[in-house]
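Enquirer: The structure follows.
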Amino acid sequence: MTIQISRRNFLFASAAVGGGLYLGLRPEAAGAAEAGQLNAWVVIPPTGPIRIMASNPEIGQGIRTSLPMVIAEELDADWQAVEIVPTIADSKIYGRQVAGGSMATTTQYEPMRRVGAAARAMILQAASAAWGVPVAELSTRNAMVMHGSRRAPYGQFAGAAAALPAPDAASVPVKDPKDFRLIGSFQPGVNNRAIVAGKQDYGIDAVVPGMIHAAFHKSGVQGAKVTSANLDVVKAQGGVRDAFIVTGTDEYEGLASGVAILADTSWHAQRARAALEVTWSDSPAAFQSTATWARLAAEAKTKPPAMPIHATGDAAAALAGAARRVKADYSYPFIPHVPMEPINCTARVTGDRVEIWAPTQNPEPGRAAVARLLGVPPENITIHMMRVGGGFGRRLQNDYMVEAVAIAKQAGRPVKLTWTREDDVTQDFLRPGGWHYLEAGLDAAGRCIAWDNHFISYGRDGKFARAAGIGPTDFPAGIVEHFRLGATVLPLQHTTGFLRAPANNAFGFVTQGFIDELAHAAGKDPLEFRREFLGPARIVGDPASRGPYNTGRMRAVLDKAAAMAGWGRKLPPRSGLGIAFHFSHLGYFANVIEVAVSPAGEVKVEKLWVAGDIGRQIVNPAGALNQVQGSVLDALNACRNHAITFADGAIEQRNFGDVPLMRMDEAPPIEVAFLTPDHPVTGLGEPAYPAVAPALVNAIFAATGVRLRSLPLDLSQLKA
């Protein structure tokens, strides 16, 4: 993917409050910057620290550190002396403010380089005029302009620089990467000390004068509405100030119906909630049950797919003529996000003005939803993007923002809404589950010549639910000559959503597990079979989309991971190595996992090796390592511990006891290496996740000869 810098995103400069320079990059349609408004990327005051704006939501992915590092590098600022300032949500000034899809670095790396380089160029031009020397004779280091033995801080020239026209963003020169001093160095998160000291303001820490705390009780069966509630009993509880019914809206995924309880503290609100008794209307979601869906999937397996997705060649004929046919059924469940910070939002509604403090990954859809609900102009809504205590995709949806605003409007005062962990689980936008009924054909030489996949998942009106769908060019489309992919959609009412490495987090398990089966059926080494399967280096898919992948880059990470792990070495009995790779969110990753399986069926992950390729530059290796290891641990835990089941329309799981998280003593050693070929820099929050589950089941097979094809893993099958 190439990032274009054009007139539609142009640099602007103006004087900062108190003198000095602020510099930004904004869409062409944006209005002029208001004096004193923190809407520039770079603010250089006459004295004091340079301020660099962090405009993307920080959810633990480190973007509040890495993107300012890019600006600081090109600016030649002193990283230890800059101040990083989070911005409010304002897409007219900052463009895309989203933490999702691993796209922040992908889309902003080059633009932010030019913002920093332009600020430096303007300072040099102002210094050149002040000192009467050519710009070419000046140099910079740590926010100082130098000419021979003469030096002065940037702030001395900031006022004059602010009067200069900003250079063209597309043509401003940037550094040769070999000259980087900051980019590529290990840097701690800019908020690390505050977090450790308990001083970081997460959404749940928001405090607004005059606010009251709220709990919001909704039905476990989505779509049910309150018909009656014992509000008088609830209002009589200690610390409770009010309780009322929220009618909700009729549209799907609109404001849910429920009972709001307002109290002096969140503890009082939740304690009073225990006394609440509600009668609910019938819901169209009442049919939902895991047992019913399993039966429907089994029935659908016996029929052709309801909708074709992609086909090349003649899969049926190739399968009929294959020297060997391999069949396998794979499945995986709904899983939850369970971020550590419970869902929360603080809101104040004053006339037609709304102010929101929210730990959101994607503020603009929340703004639009609030504007629709209240009938106010979107520009009247101010959203403070609070630090997010984990999101993994859950906070891309802003249902909690809409709830907080609706309750605050009816309460007539600021409200802080806090969900319980049970709310987090039962009201989640779940990662969809699915079934894959696979068949492949091998020729006499053991090469895969045919691939057929009947994919069954969830949706409405014959369309996939959010994050449930499979793309027509997803791997291995374009690799196997005779390929057929079709799907059947089962009915679903419950909300679904994006979870780290959406869709790929499941598809990697299926495709790489099945490819491992093909390798063993062909009597070939799993690594060598994969290398042969990929064929020569080439681009597969449409180069104009996010979908195409480079098989050469896939092979490179495969070879690196295998070399790191010592692939092929002899291991003790009931120990094994498993390998897998995947392309996701423009990143290429391969994993090797070593496991030891006890006679009782207990699986110990001895070590995990990861090789990744996200382009030519790793901005902050400390953050990159954190993201890869976090993805690996998330994926390992989901393999063992996470499944959401339904009965009578509602989720059966409630809290961490039902969907536990990995403990520190369960985390294996993880060795990470990055390849840096000359390709554009891309993101890292997600692509390391999908290859973990298949590498694990492939290692278990190597250790025991037992093939596990369903998640979460049923380890009882591994007993000796």
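Enquirer: Out of region 296-320, which residues are aliphatic (A, V, I, L, M) and either assigned to a loop (DSSP other than H, G, I, E, B) or under 21 Å from residue 477 (Cα atoms) (or both)?
Expert: We begin by selecting, within region 296-320, every residue aliphatic (A, V, I, L, M); these are 296-298, 300, 306-307, 309, 311, 315-320.
306, 307, 309, 311, 315, 316, 317, 318, 319, 320 - these are the residues of region 296-320 that are aliphatic (A, V, I, L, M) and either assigned to a loop (DSSP other than H, G, I, E, B) or under 21 Å from residue 477 (Cα atoms) (or both).
Enquirer: Moving to a separate point now. Given the options 488, 511, name the one that is within 24 Å of residue 292 (Cα to Cα) and modelled with pLDDT of 95 or more.
Expert: Values: 511 fails: within 24 Å of residue 292 (Cα to Cα).
The conditions single out 488.
Enquirer: If I filter region 555-564 for residues that are without any contact (Cβ under 8 Å) to a residue 60 or more places away in the chain and touching a Pro at 6+ places or on another chain (Cβ under 6 Å), do I get at least one hit?
Expert: No, the conditions are met nowhere in region 555-564.
Enquirer: Against the conditions (1) under 27 Å from residue 378 (Cβ atoms); (2) touching a helix residue (DSSP H, G or I) at 6+ places or on another chain (Cβ under 7 Å), where does residue 93 fall short? Just the number, please.
Expert: Exception for residue 93: condition (2).
Enquirer: Please state which one of 128, 139 is surrounded by fewer than 18 Cβ atoms within 10 Å (Cβ to Cβ) and among the polar types (S, T, N, Q).
Expert: On the way: 128 fails: surrounded by fewer than 18 Cβ atoms within 10 Å (Cβ to Cβ).
Selected residue: 139, the only one of 128, 139 that is surrounded by fewer than 18 Cβ atoms within 10 Å (Cβ to Cβ) and among the polar types (S, T, N, Q).
Enquirer: Another question, if that's okay. Applying the selection to region 130-157, what residues are closer than 21 Å to residue 50 by Cβ, small (Gly, Ala, Ser) and modelled with pLDDT of 95 or more? Full working, then the answer.
Expert: Taking region 130-157 first, the residues closer than 21 Å to residue 50 by Cβ are 130-131, 135, 138-147, 150-157.
Among the residues that remain, those that are also small (Gly, Ala, Ser) are: 130, 139, 143, 152, 155.
Once the filter is applied, which keeps residues that are closer than 21 Å to residue 50 by Cβ, small (Gly, Ala, Ser) and modelled with pLDDT of 95 or more, region 130-157 yields 130, 139, 143, 152.
Every residue, every condition in (1) within 28 Å of the chain's Cα centre (by Cα); (2) within 24 Å of residue 508 (Cβ to Cβ), yes or no:
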{"position": "400", "(1), (2)": "yes, no"}
{"position": "407", "(1), (2)": "no, no"}
{"position": "411", "(1), (2)": "no, no"}
{"position": "417", "(1), (2)": "yes, no"}
{"position": "422", "(1), (2)": "yes, no"}
{"position": "427", "(1), (2)": "yes, no"}
{"position": "432", "(1), (2)": "yes, yes"}
{"position": "439", "(1), (2)": "no, yes"}
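Enquirer: Condition test on residue 612, is it small (Gly, Ala, Ser) and either surrounded by fewer than 24 Cβ atoms within 10 Å (Cβ to Cβ) or at positive phi (or both)? First the steps, then the outcome.
Expert: Numbers: small (Gly, Ala, Ser): yes; either surrounded by fewer than 24 Cβ atoms within 10 Å (Cβ to Cβ) or at positive phi (or both): no.
No: the conditions fail for residue 612.
Enquirer: Here is a check on your reading of the model: is residue 169 modelled with pLDDT under 95, farther than 30 Å from residue 356 by Cα and in contact with a Phe, Trp or Tyr (Cβ under 8 Å, 6 or more places away or on another chain)?
Expert: Values: modelled with pLDDT under 95: yes; farther than 30 Å from residue 356 by Cα: yes; in contact with a Phe, Trp or Tyr (Cβ under 8 Å, 6 or more places away or on another chain): yes.
So residue 169 fits the description; yes.
Enquirer: While we're on this one: On the basis of being touching a residue at least 12 places away in the same chain (Cβ under 8 Å), buried (at least 20 other Cβ atoms within 10 Å of the Cβ), over 21 Å from residue 358 (Cα atoms) and out of contact with any Pro (no Cβ under 9 Å at 6 or more places or on another chain), does residue 115 make the cut?
Expert: Working: touching a residue at least 12 places away in the same chain (Cβ under 8 Å): yes; buried (at least 20 other Cβ atoms within 10 Å of the Cβ): yes; over 21 Å from residue 358 (Cα atoms): yes; out of contact with any Pro (no Cβ under 9 Å at 6 or more places or on another chain): yes.
Yes: the conditions hold for residue 115.
Enquirer: Quick one: would you say residue 559 is assigned to a loop (DSSP other than H, G, I, E, B), over 15 Å from residue 699 (Cβ atoms) and in the same structural domain as residue 481 (by TED's automatic domain parsing)? Write out each step before concluding.
Expert: Numbers: assigned to a loop (DSSP other than H, G, I, E, B): no; over 15 Å from residue 699 (Cβ atoms): yes; in the same structural domain as residue 481 (by TED's automatic domain parsing): yes.
So residue 559 fails the test.
Enquirer: Further question on the same structure: Restricting to region 650-664, and then to whatever is under 23 Å from the mean Cα position of the chain (by Cα) and in contact (Cβ under 8 Å) with a residue 24 or more places away in the chain, can you tell me which residue is surrounded by the most Cβ atoms within 10 Å (Cβ to Cβ)?
Expert: So the first thing to find is which residues in region 650-664 are under 23 Å from the mean Cα position of the chain (by Cα), and the list is 655-656, 659-664.
Filter once more, keeping what is in contact (Cβ under 8 Å) with a residue 24 or more places away in the chain: 655-656, 659, 661-662.
Details: 655: 14, 656: 14, 659: 23, 661: 14, 662: 15.
Taking the candidates together, the pick is 659.
Enquirer: List every residue pair whose Cβ atoms sit under 8 Å apart, with the two residues 6 or more apart in sequence or on different chains, where the first one lies in region 439-456 and is within 14 Å of residue 325 (Cβ to Cβ) and the second, anywhere, is among the basic types (Lys, Arg) and in a loop (DSSP other than H, G, I, E, B).
Expert: 446/524
Enquirer: Quick check on region 663-699: of everything there that is touching a helix residue (DSSP H, G or I) at 6+ places or on another chain (Cβ under 7 Å) and in a helix (DSSP H, G or I), which residue is nearest to residue 60 (Cα to Cα)?
Expert: The extreme case among them is 692.
Enquirer: Considering each of 678, 714 in turn, give the residue that is among the charged types (D, E, K, R), in contact with a Lys or Arg (Cβ under 9 Å, 6 or more places away or on another chain) and modelled with pLDDT of 95 or more.
Expert: Details: 714 fails: in contact with a Lys or Arg (Cβ under 9 Å, 6 or more places away or on another chain).
Within the list 678, 714, the selection yields 678.
Enquirer: Kindly list the number of the only condition in (1) among the charged types (D, E, K, R); (2) under 30 Å from residue 71 (Cβ atoms); (3) free of Cβ contacts under 8 Å to residues at least 24 places away in the same chain that fails for residue 570.
Expert: Residue 570 satisfies every listed condition except (2).
Enquirer: Further question: For region 174-278, which helices (runs of 4 or more DSSP H) that fit wholly inside it have 1 or more residues that are among the hydroxyl-bearing types (Ser, Thr, Tyr) and surrounded by 19 or more Cβ atoms within 10 Å (Cβ to Cβ)?
Expert: Numbers: elements: 192-196, 231-235, 266-273.
Ranges flagged: 266-273.
Enquirer: Continuing with this model, one more query. Report every pair of residues separated by at least 6 positions or lying on different chains whose Cβ atoms are under 6 Å apart, first residue within region 696-720 and in contact (Cβ under 8 Å) with a residue 24 or more places away in the chain and of a type in the set (Val, Ile, Thr), second part of a helix (DSSP H, G or I) and surrounded by 16 or more Cβ atoms within 10 Å (Cβ to Cβ).
Expert: 697/513; 704/718
Enquirer: Still on this structure, please answer the following. So residue 456 fits all but one of (1) in contact with a strand residue (DSSP E or B) (Cβ under 9 Å, 6 or more places away or on another chain); (2) assigned to a loop (DSSP other than H, G, I, E, B); (3) of a type outside the set (Gly, Ala, Ser); what number is the exception?
Expert: (2)
Enquirer: Inside region 431-467, can you point out the residues that are among the small types (Gly, Ala, Ser) and crowded, with 24+ Cβ neighbours inside 10 Å?
Expert: The initial filter retains those residues of region 431-467 that are among the small types (Gly, Ala, Ser), namely 433-434, 440-441, 444-446, 450, 457, 459, 462, 465, 467.
Within region 431-467, 433, 434, 440, 441, 450, 457 meet the criteria.
Enquirer: What is the one condition in (1) within 27 Å of residue 458 (Cα to Cα); (2) not in a helix (DSSP H, G or I) that residue 524 does not satisfy?
Expert: It is condition (1) that residue 524 fails.
Enquirer: Quick test for you: out of 566, 535, 547, pick the one residue that is within 23 Å of the chain's Cα centre (by Cα), surrounded by fewer than 19 Cβ atoms within 10 Å (Cβ to Cβ) and either assigned by TED's automatic domain parsing to the domain that holds residue 474 or more than 21 Å from residue 686 (Cα to Cα) (or both). Walk me through it before giving the result.
Expert: On the way: 566 fails: within 23 Å of the chain's Cα centre (by Cα); 535 fails: within 23 Å of the chain's Cα centre (by Cα).
Sole residue among the options that is within 23 Å of the chain's Cα centre (by Cα), surrounded by fewer than 19 Cβ atoms within 10 Å (Cβ to Cβ) and either assigned by TED's automatic domain parsing to the domain that holds residue 474 or more than 21 Å from residue 686 (Cα to Cα) (or both): 547.
Enquirer: I've got another one for you. Given the criteria of a type in the set (Phe, Trp, Tyr), surrounded by 18 or more Cβ atoms within 10 Å (Cβ to Cβ), assigned to a helix (DSSP H, G or I) and out of contact with any helix residue (DSSP H, G or I) (no Cβ under 7 Å at 6 or more places or on another chain), does residue 293 qualify? Break it down into steps so the answer makes sense when it comes.
Expert: Values: of a type in the set (Phe, Trp, Tyr): yes; surrounded by 18 or more Cβ atoms within 10 Å (Cβ to Cβ): yes; assigned to a helix (DSSP H, G or I): yes; out of contact with any helix residue (DSSP H, G or I) (no Cβ under 7 Å at 6 or more places or on another chain): yes.
Spelling it out, residue 293 is indeed of a type in the set (Phe, Trp, Tyr), surrounded by 18 or more Cβ atoms within 10 Å (Cβ to Cβ), assigned to a helix (DSSP H, G or I) and out of contact with any helix residue (DSSP H, G or I) (no Cβ under 7 Å at 6 or more places or on another chain).
The values are calculated or read from the model by the stated rules, or taken from the named source; none is laboratory data. Note that the structure is a prediction, hence the values are computed from the model and not measured. Methodologically, a virtual Cβ is constructed for each residue, glycine included, from the backbone with ideal geometry; neighbour enumeration extends over all protein chains shown.
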